[in-house]
Amino acid sequence: MNDNRLGSAVSPYLRQHADNPVDWREWGPEAFAEARERDVPVLVSIGYATCHWCHVMARESFSDPVVADLLRQDFVAVKVDREERPDVDASMMAAASAFTGQLGWPLTVFTTPDAHAFFAGTYFPPEPVQQVPSFRQVLGAVLDAWRERRGEVDANAAAVAGAIRQGAEAEATTSSSDGRGGDEPRLPSVDAIRSVLDQLRQAEDTTYGGFGGAPKFPSTPLLELLRDLAVDDPVGASAAQDLLDRTLDAIARSELTDADGGVFRYATRRDWSVPHYERMLYDNAGLLPVAGAEQARGIAAFLRDTLRRPDGAFVAAQDSESTIGGRRVEGEWYRRSLTERTTLDPPPLDDQVLTGWNGLAIRGLALAGARHDDVGMIALARDAADAVLAAHVRDGHVAVRSSSPRGASAAPATIEDVGLLAEGLLELALVTGEVSYAVAARVLVDDGLAGRFDVDAVLDSAGTATGEQPQTALRSGTVGLAAAAATLGALTGDGSYREAAVRLVADRAQLGVERPLGYADALGLAVALGVPSREVVVVSSDPAHPMRASASAARRPGTTVARVTPDQARAWAAAGFGLFAARADTDPAAYVCHDHVCALPARSVDALADQLSS
């Protein structure tokens, strides 16, 4: 009997498995209650809709009736979309790290009915390959341990759960927004952060560009840190900029960048060749703030033409595989010319809209649009913001993390959703002058700082909710929330926002001085928080006034730049953003302020340049 329960799932990844003979369940208390009642282990299989090796394991093992019978008789099988449920993925990844150093997707975790992991791995083949056992062998070994060495299984599971719980408690203490229960957090010095550049220069692949060997990732938070160091440090600026330029150039010229401008998730070889062909929204959005004009416009075109929905929101990704000649093949569509592609069905989309990832895209498009004076990018950011606010935010609060054409997911919103959306909305507000986006962001930030996040019932009961883990591929929601809070502090004059930002990132930044890859975004924000605060407001009814461009060029860590019309300035001031009070009477004018102490208004580009240089 097939009791697969994924047919009504919102997640496209779960629906890909709805026709498996495996009796899949969605993650939730019911699946673990069934395991307790039957006294069987739980298989938690985690992947995402555009993952090539997830597709491979589905074809090889989860479509196999013999494997399905084994799972039906002796396990409860739970399928999880890591994009829909990053909280579950983070917890299972933390557990899996106790068993393997090769983390990734598909992630294969076996737990007790209390959701405590006792064995984990990633992809398992249908037949043994060198030292890797087959999936059937793994199932047999797990079942043997469950039946014959139950005490050992329970002890190992308890030890892993205890380690996760201890780490989560430490993270909760150091990231507490109210600052109670410990010493006041301290940022690393700006000089200590600047010294990280030496580590990055030593890690550079001087032959092919980028960092390290194979596989090679864009690592967009690291590139943004280089940008921050390049504009902040008068001594190391040239070295940081050169390193950034070399890396961006290597990415742009390599197979990692497709002919239509979109960028693949990573390259399997050191020379950036043989990409892993799925194209993620977060990689492309993360490159926008640092990319040059041509590269940024190519990425924006990919977002517009491929990932954008009719309502303006962006879907999560495009698949690595397509159907050509009746066969599912990886990468073949991408290897064809653009003309040839038009005659073939394109790779399918992971069609879920993720709140946090859209926030990242809004931010990237707004920053790139301002930097390259591209109104099309800003329009894309505005449309995405309007779509997400309409569909995912209710009464000012993020109510939906993920939605698809099949409806809204029940997955709880995470700090990624709140932090990255708030940060994106604020950047859009500063670029467009539209205060409504800043008002929406302020509510989100207040929510985030109050810690209003639902904890999954299963993880809460198991004591293994980890909170957000270090990020290497995309900007951290914690850092996004902190950056948004810091910006609100600059716009309102309320110092408590800046204090909250410091508390959120201080410990991450301290770790980043030694391990910059996982905490690059925190380091970049720590630079902004460690230098004197500066605010620049340009008021002009002429959208093409040259002072607007001059002010945008002044953006650097610690500097907040806003461009508004006189009417917009009045609206900002009326909404409680003190930086704009009494700014509407002179048009045009630019105000350069240091911690809200402002010089006389500059009335020309030259006068503004003089104030910015002082």
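Among the candidates Gly477, Gly419, Gly489, Gly451, the residue that is touching a residue at least 12 places away in the same chain (Cβ under 8 Å) and under 24 Å from Val538 (Cβ atoms) is uniquely Gly489. For the stretch 341-362, the tally of residues that are more than 17 Å from Pro412 (Cα to Cα) and hydroxyl-bearing (Ser, Thr, Tyr) stands at 2. Contact annotation: residue pairs with Cβ atoms under 7 Å, 6 or more positions apart or on different chains, pairing a residue in the stretch 319-338 that is in contact (Cβ under 8 Å) with a residue 24 or more places away in the chain with a partner that is polar (S, T, N, Q), are Asp319/Thr50; Ser320/Thr50; Glu330/Ser320; Gly331/Ser320.
Taken together, the residues in the stretch 267-289 that are polar (S, T, N, Q) and crowded, with 16+ Cβ neighbours inside 10 Å amount to 1.
Residues that are in a helix (DSSP H, G or I) and open to solvent by 10 Å² or more (accessible area, probe 1.4 Å) do occur in the stretch 251-266. Just one residue in the set Tyr282, Tyr334 is under 20 Å from the mean Cα position of the chain (by Cα), hydroxyl-bearing (Ser, Thr, Tyr) and assigned to a helix (DSSP H, G or I); that residue is Tyr282. Within this structure, Arg442 fails the test of being in a loop (DSSP other than H, G, I, E, B) and either under 30 Å from Thr565 (Cβ atoms) or more than 18 Å from the chain's Cα centre (by Cα) (or both). When the residues of the stretch 129-139 are filtered to those that are open to solvent by less than 50 Å² (accessible area, probe 1.4 Å) and touching a residue at least 60 places away in the same chain (Cβ under 8 Å), the one that is nearest to the chain's Cα centre (by Cα) is Phe135. The single condition among (1) of a type outside the set (Asp, Glu); (2) at pLDDT below 95; (3) on the phi < 0 side of the Ramachandran plot that Gln130 does not meet is (3). Going by the structure shown, is Ala473 among the aliphatic types (A, V, I, L, M), modelled with pLDDT under 95 and within 27 Å of Tyr437 (Cβ to Cβ)? Considered against the rule, which asks whether it is among the aliphatic types (A, V, I, L, M), modelled with pLDDT under 95 and within 27 Å of Tyr437 (Cβ to Cβ), Ala473 comes out as yes. Going by the structure shown, is Leu459 under 21 Å from the mean Cα position of the chain (by Cα), open to solvent by less than 10 Å² (accessible area, probe 1.4 Å) and within 30 Å of Ala94 (Cβ to Cβ)? So Leu459 fails the test.
When the stretch 374-390 is filtered for residues that are surrounded by fewer than 17 Cβ atoms within 10 Å (Cβ to Cβ) and touching a Ser or Thr at 6+ places or on another chain (Cβ under 8 Å), nothing remains. The sole residue among Arg165, Arg147 that is out of contact with any helix residue (DSSP H, G or I) (no Cβ under 8 Å at 6 or more places or on another chain), within 30 Å of Ala501 (Cα to Cα), open to solvent by 70 Å² or more (accessible area, probe 1.4 Å) and in a helix (DSSP H, G or I) is Arg165. Based on this model, can you work out whether Gly578 counts as within 33 Å of the chain's Cα centre (by Cα) and either over 28 Å from Gln471 (Cα atoms) or acidic (Asp, Glu) (or both)? Spelling it out, Gly578 is indeed within 33 Å of the chain's Cα centre (by Cα) and either over 28 Å from Gln471 (Cα atoms) or acidic (Asp, Glu) (or both). Do we find a residue being at pLDDT below 95 and either assigned to a loop (DSSP other than H, G, I, E, B) or open to solvent by less than 20 Å² (accessible area, probe 1.4 Å) (or both) anywhere in the stretch 348-362? Scanning the stretch 348-362, I find no residue that is at pLDDT below 95 and either assigned to a loop (DSSP other than H, G, I, E, B) or open to solvent by less than 20 Å² (accessible area, probe 1.4 Å) (or both), so the answer is no. Scanning the stretch 534-565 for residues that are open to solvent by less than 20 Å² (accessible area, probe 1.4 Å), assigned to a helix (DSSP H, G or I) and either in contact with a Cys (Cβ under 9 Å, 6 or more places away or on another chain) or farther than 19 Å from Glu427 by Cβ (or both) returns a single hit, Met547.
Quick one: would you say Gly407 is crowded, with 24+ Cβ neighbours inside 10 Å, closer than 25 Å to Asp81 by Cα and modelled with pLDDT of 95 or more?
no
The C-beta contact set for the stretch 570-585 (first residue over 18 Å from Thr487 (Cα atoms), second residue hydroxyl-bearing (Ser, Thr, Tyr) and surrounded by 15 or more Cβ atoms within 10 Å (Cβ to Cβ), distance under 7 angstrom, 6+ apart or interchain) comprises Arg583/Tyr591. Filtering the stretch 290-334 to residues that are surrounded by 14 or more Cβ atoms within 10 Å (Cβ to Cβ) and of a type in the set (D, E, K, R) leaves Arg297, Arg304, Arg308, Arg309, Asp319, Glu321, Arg328, Glu330, Glu332.
Tyr48: buried (at least 19 other Cβ atoms within 10 Å of the Cβ), in contact with a helix residue (DSSP H, G or I) (Cβ under 6 Å, 6 or more places away or on another chain) and in contact (Cβ under 8 Å) with a residue 60 or more places away in the chain, yes or no? So Tyr48 fits the description; yes. Checking the stated criteria, Leu187 turns out to be at pLDDT 95 or above and not in a helix (DSSP H, G or I). Take the residues in the stretch 585-614 that are part of a loop (DSSP other than H, G, I, E, B) and in contact with a Phe, Trp or Tyr (Cβ under 9 Å, 6 or more places away or on another chain), then tell me which one is surrounded by the fewest Cβ atoms within 10 Å (Cβ to Cβ). Here the answer is Leu600. Filtering the stretch 500-533 to residues that are within 30 Å of Ala584 (Cβ to Cβ) and either surrounded by 22 or more Cβ atoms within 10 Å (Cβ to Cβ) or modelled with pLDDT of 95 or more (or both) leaves Ala500, Ala501, Ala528, Leu529. Of the residues making up the stretch 56-80, those that are within 16 Å of Leu6 (Cα to Cα) and open to solvent by 10 Å² or more (accessible area, probe 1.4 Å) are Ala58, Ser63, Arg72. Screening Thr464, Thr478, Thr492 for residues that are crowded, with 22+ Cβ neighbours inside 10 Å, of a type in the set (S, T, N, Q), in contact with a helix residue (DSSP H, G or I) (Cβ under 8 Å, 6 or more places away or on another chain) and closer than 26 Å to Phe577 by Cα leaves exactly one candidate, Thr478.
Of everything in the stretch 566-609 that is of a type in the set (D, E, K, R) and in contact with a Pro (Cβ under 9 Å, 6 or more places away or on another chain), the residue that is farthest from Leu426 (Cα to Cα) is Arg603.
Scanning the stretch 1-45 for residues that are within 20 Å of Leu349 (Cβ to Cβ) and either open to solvent by less than 30 Å² (accessible area, probe 1.4 Å) or among the hydrophobic types (A, V, I, L, M, F, W, C) (or both) turns up Leu6, Ala9, Val10, Ser11, Pro12, Tyr13, Leu14, His17, Ala18.
The values are calculated or read from the model by the stated rules, or taken from the named source; none is laboratory data. The structure displayed is predicted, hence computed values, not measured ones. Because the Cβ atoms are built from the backbone with ideal geometry, glycine has one as well, and the counts that use them run over all protein chains shown. Accessible surface is based on the protein model in full, side chains and every heavy atom, while ligands, DNA and RNA are left aside. Shrake-Rupley method; radii C 1.70, N 1.55, O 1.52, S 1.80 Å.
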